[in-house]
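Asker: Below are the structure tokens for one structure; questions will follow.
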Amino acid sequence: MIKKEVAGTMESTAKRMSLSLTALLLIGCLAGCGTAVTKDDGQENIEAAEPETDVSESEENAEEKGILGESAADGHVDFAMLQEKNPDIFAWLYIPGTDIDMPVLQSHISDKYYITHDIMGEENSTGAVFTEMPNLMNMCDFNTVIHGNDLEEDAPFKELHQFEDADFFEDHVEFYLYLPDNVLTYEIFTAYYDEGSDILRRYDYTTYAGCMEHLNDIYTTRSMNRNMREDWEGLTPYHFLVTLDGRVREDGTQYVVIGALVKDAAGQIDRVIYE
């Protein structure tokens, strides 16, 4: 395992990225993206974070995935085509080892729109995978919550539950988020049943204290089927998380799979938070 140690910056190795502490503290409010991520040798990290994939196999199976045969298994997503079909598509989520290889949407009509509509905007009880308007679409928030129905057999996030199995969790480490001009790699460090709804509004992610409150809750949560990867105790508010969030159940819980950003291919992910 690679030890994650953060002291105001995120070092970039094969598993970590670097953030400039100076840039993070320039102003006392939430800011947008822009700071380049650098490798340990000081060179800009502009490599595409493409998953290890058998290209011939991915091409053979492409027609079975996504819409119009689109898939990220070959390391490429045609956003121009996708956004012609639905302009709400702003990212693509790919989790190797699962069937989760699909667009991520954000509605400007209602945060609940894609609970009952599919990726083409058609009414559908299983919905689509989506973020809410409080989350930035440039992925610069401390925690971006990506929602999806995981209850029905054909639900888009049904296969999140593979991470309940300890062996599967151990063997499947990363997921990828493709943006029109970037590829982001996240390491899955925990998965569990969260005992509370509305994660996005539960904490004040614009402040250091609010981010730390969330991290402390992650570390202290006691949940059935909880899996936690070793050496991830050093997370701080200067990291970037993505929470893959299932549907809230009758008992008030929802299944979550949480990843931390470890590679930013274009060097665009940055923000400022209140101390």
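No value in this document is a laboratory result; all are computed from the given coordinates. Predicted model only: the values in this text are computed from it and were never measured. Cβ coordinates were reconstructed from backbone atoms using ideal geometry, including for glycine residues, and neighbour counts include every protein chain displayed.
Asker: With the Cα gyration tensor of the stretch 116-179 giving a ≥ b ≥ c as the square roots of its eigenvalues, does the rule (a/c under 1.5 for rounded; else a/b larger than b/c for prolate; else oblate) give rounded, prolate or oblate? Kindly include the intermediate steps, with their values, before the conclusion.
Answerer: On the way: a/c = 2.46, a/b = 1.15, b/c = 2.14.
Here the stretch 116-179 falls in the oblate category.
Asker: Give me R201, R222 ranked fewest to most by other Cβ atoms within 10 Å of their Cβ, as a rough exposure proxy.
Answerer: Values: R201 11, R222 7.
With the sparsest Cβ surroundings first, the list reads R222, R201.
Asker: Classify the stretch 165-242: rounded, prolate or oblate, from the alpha-carbon gyration tensor (a ≥ b ≥ c, eigenvalue square roots; a/c under 1.5 rounded; otherwise prolate if a/b is larger than b/c)?
Answerer: On the way: a/c = 1.66, a/b = 1.05, b/c = 1.58.
Since a/c reaches 1.5 but b/c is at least a/b, the shape of the stretch 165-242 is classed as oblate.
Asker: Give me the net charge for the shell around T206: Cβ to Cβ below 10 angstrom, other residues only, Lys and Arg +1, Asp and Glu -1.
Answerer: Details: positive: R271; negative: D141, D204.
Around T206, the charge tally is -1.
Asker: Using a/c under 1.5 as the rounded threshold, could you call the stretch 100-216 rounded, prolate or oblate? The axes a ≥ b ≥ c are square roots of the C-alpha gyration tensor eigenvalues, and prolate needs a/b larger than b/c, oblate otherwise. All intermediate terms of the calculation are to be shown ahead of the outcome.
Answerer: Working: a/c = 1.40, a/b = 1.08, b/c = 1.30.
It comes out rounded by the Cα gyration axes.
Asker: Compute the FRET efficiency between F168 and R249 as 1/(1 + (r/R0)^6), taking r as their Cβ-Cβ distance and R0 = 25 Å, and round to the nearest 0.05.
Answerer: Numbers: r = 21 Å, r/R0 = 0.85.
The calculated FRET efficiency here is 0.75.
Asker: Hey, another quick one. Report the extension gain between Y274 and H108 in nm, rounded to one decimal, defined as 0.36 nm multiplied by the number of residues separating them, less their alpha carbon distance.
Answerer: Values: separation 166, 0.36 × 166 = 59.76 nm, distance 2.76 nm.
Separation in residues times 0.36 nm, less the Cα-Cα distance, equals 57.0 nm.
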